[in-house]
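Just below is one structure, and these are the notes that go with it.
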Amino acid sequence: MDSIKQAFDLLFSLDKELFQILGVTLRMSFFSTSISCLVGLPLGTLIGTRQFRGKSFLKKLIHTCMGLPPVVAGLLVYMLFTHYGPFGRLNLLFTVTAMVIAQCVLIIPLVTGLTASFVESESRPIIETARGLGLSDARIILLCLSEGRASLLSVVLNAFGRSIAEVGAVSIVGGNIQWKTRVMTTAIMLETNKGKFSFALALGIVLLILAFIVNAAASWIVKERADG
Amino acid sequence: MKKTLAVLLALVILVSFAACGEKPAVDTPAQTSAAADVQAPENPVIRLSTTTSVNDSGLLPYLLPVFEQETGYKVEVQSAGTGAAIQKAEDGNADLILVHAKASEEEFIEKGFGVERLPFMYNYFVVVGPKDDPAGIKDSADAATAFGKIRDTQNKFVSRGDESGTHKAELKIWGDNAPDAAADAWYISAGQGMGACLSMASEQQAYCLTDKATFLSMQAELNLDILLEQGEDMKNTYSLIAVNPEKIDGLNTAGADALIDWMLGEEASAMIAEYGVAEYGAALFYLLDK
């Protein structure tokens, strides 16, 4: 109960650091989600609509990657961007960019796999009709994406949810640096390690409120467009 | 490919078993004769809440098996930053604490959670940094002087920033000159454990205040050197505090007292004084004069 009150006090206190952390969190999640969807939605649709050799192996691979532990994704990206790593010269370790990259490693398979399953099960009639009309693959992908937007929205929100709630990868590649790479989840970890459990829980509630607002806004936009 | 992987995996498993199995056999004096006639205490589980540095340095895994064998107790160690370690005890989730932050310890006792603060060993924090020491802190008289030079030259400095014992010690050294993480870009407040901070300092070629034990245990993977040690303001004192049974119920006070008595006793003292000598050529912890 104390934490709920604290959460609202925090939000209404307009604490500068809290809003800076929320800003980084949203920026990171926005880019992770957008990039993952830009890659994963078309890729998933392509896999879902086409028949080719090795398709079932590819799907198994994607489904395995959907279960990739975030810490492992973080480590992979850390190894790539570490000072003596192959991309060390880019100086990207401990930046928001590195966090977005690590999250994309996690989320692209998620979006691709979910989209492929969805397209396979729901879009078959659309695809058959479109093929009958002799439309190109690119047109078919666009058609599937636009026809299934309500279901695809849930894929996008899934991606967003994973991004905003993820802590393992971002703490490794981001480093949880104050005023720079600290996001809500790593801030919650930090407060927990400090022993400030009720404050940590309050931050968790703030994060949930943020996620709720984003979810509500996304559903509203899709509904408006469908109605209009 | 598969075969190579399997062989590698088997090797890794073997090596880790060997590493785990060897240590106690080499480090602990033989206690087997006494173990046979030890009667298990009524409540055999002792919950010890401690800081990462004591546990990660390997000191507790080295001491506790001997205590357990002699007394029949089983010690469950929870390690976290000092702040969390103390909070867990205040929440009734530990029977005693072993920490290193005097002000927090005194507050813990003042609030009635602790019985008595028993400082028993110490070591020194060290300042580590890039091997070429760009801020030139090597011959500083103490850490405060070294920090002043880092500040003047604006070299990067990684701070724990997590209210741990080490972080509090660092803030005490900065004193009134504490940098502002929001304004000073060279001051990196990482909010992570000692190991993660040292890796970050190595990556960014930054300075860092650390306990010596953690640094030595990671030195092979770090591109950093110890640049300053044993300044008077770098002393790091560890204390044991039993949780107050009048404040919190369901404690294993008999167990906590037994562990404290043992830790302050001659055998443990001798073991602590010896710890690290074989591996690093110098002791990692020193005993306080009683």
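Modelled this way, with points 7 Å down the Cα-to-C-beta line, the labels at residue A:135 and residue B:280 are 6.8 nm from one another. Centre-to-centre, using Cα atoms only, the stretch B:142-193 and the stretch B:235-290 are separated by 29 Å.
Using C-alpha pairs below 8 Å separated by at least 6 residues, the relative contact order for the stretch B:129-234 is 40 percent. Pairs exceeding a 29 Å alpha-carbon distance, out of B:74/B:247; B:168/B:247; B:172/B:212; B:74/B:235; B:138/B:172; B:102/B:149: B:74/B:235. Computed from Cα atoms, the angle from the helix B:253-264 axis to the main principal axis of chain B rounds to 60 degrees. Reported to the nearest whole Å, the Cα centre-to-centre distance from the stretch A:89-106 to the stretch A:41-74 is 22. The ellipsoid that matches the Cα gyration tensor of the stretch B:129-234 has semi-axes, each √(5λ) in whole angstrom, of 17, 16, 14, with the longest given first. A Cβ-based charge dipole, computed about the Cα centre of the stretch B:129-234 with Lys and Arg at +1 and Asp and Glu at -1, lands at about 120 debye. In the stretch A:2-222, what is the count of Lys pairs whose alpha carbons are under 30 Å apart, counting only pairs at least 8 residues apart or on separate chains? For the stretch A:2-222, the number of qualifying lysine pairs is 9. Does anything in the stretch B:42-56 have its amide N under 19 Å from the 7 Å Cα→Cβ label point of residue A:71, and if so which residues? Output list for this probe position: B:52-53, B:55-56.
The largest-to-smallest principal axis extents of the Cα set in the stretch B:103-149 are 48, 20, 18 Å.
Scan the stretch A:28-104 for chymotrypsin sites (Phe, Trp or Tyr not before Pro) in coil per DSSP, keeping those whose Cβ has at most 13 other Cβ atoms within 10 Å, and list them by number.
On the way: sites: A:30, A:31, A:52, A:57, A:78, A:81, A:84, A:87, A:94; in loops: A:52, A:84, A:87, A:94.
Here the chymotrypsin sites (Phe, Trp or Tyr not before Pro) that fit, given the DSSP loop and packing criteria, are A:52, A:84.
In the distance distribution for chain B, Cα-Cα pairs more than 29 Å apart total 41 percent. Secondary-structure-derived ellipticity at 222 nm for chain B, considering helices only, amounts to -13000 deg cm²/dmol, per-run term -39500 (n - 2.57) for DSSP H runs with n ≥ 4.
Explain nothing, just the number: dipole magnitude of the stretch A:42-187 about its Cα centre with +1 on each Lys and Arg Cβ and -1 on each Asp and Glu Cβ, in debye rounded to the nearest 20. Walk me through the intermediate numbers first.
Values: 13 positive and 6 negative charges, 49 e Å.
With only Lys, Arg, Asp and Glu charged at Cβ, the dipole is about 240 debye.
Expressed in Å, the radius of gyration and Dmax of the Cα atoms of the stretch B:35-111 are 13.7, 43. Kirkwood-type hydrodynamic radius, the protein assembly as shown: 26.2 Å, calculated from all non-identical alpha-carbon pairs. Look at A:108, B:46, B:260 and count the other Cβ atoms within 10 Å of each Cβ; fewest to most, that gives B:260, A:108, B:46. Taking other C-beta atoms within 10 angstrom as a stand-in for reagent exposure, A:189, A:28, A:99, A:79 fall in the order A:79, A:189, A:28, A:99, fewest first.
For chain A, which span is the longest to avoid every loop-located (per DSSP) member of trypsin sites (Lys or Arg not before Pro) having at most 14 other Cβ atoms inside 10 Å?
Details: sites that count: A:50, A:53.
For trypsin sites (Lys or Arg not before Pro) (loop position, at most 14 other Cβ atoms within 10 Å), the longest site-free span of chain A is A:54-228.
Considering all C-alpha pairs of the stretch A:2-222, those separated by over 25 Å amount to 47%.
Dividing the mean sequence gap of close Cα pairs (under 8 Å, 6+ apart) by how many residues chain B holds gives a relative contact order of 24 percent. Across chain A, the relative contact order, built from alpha-carbon pairs under 8 Å that are at least six residues apart, equals 32 percent.
Only the coordinates and a few stated rules stand behind these numbers; no lab work does. What you are looking at is a predicted structure, and each value in this text was computed from that prediction instead of being measured. Glycine gets a Cβ as well: all are built from the backbone with ideal geometry, and neighbour counts include every protein chain shown.
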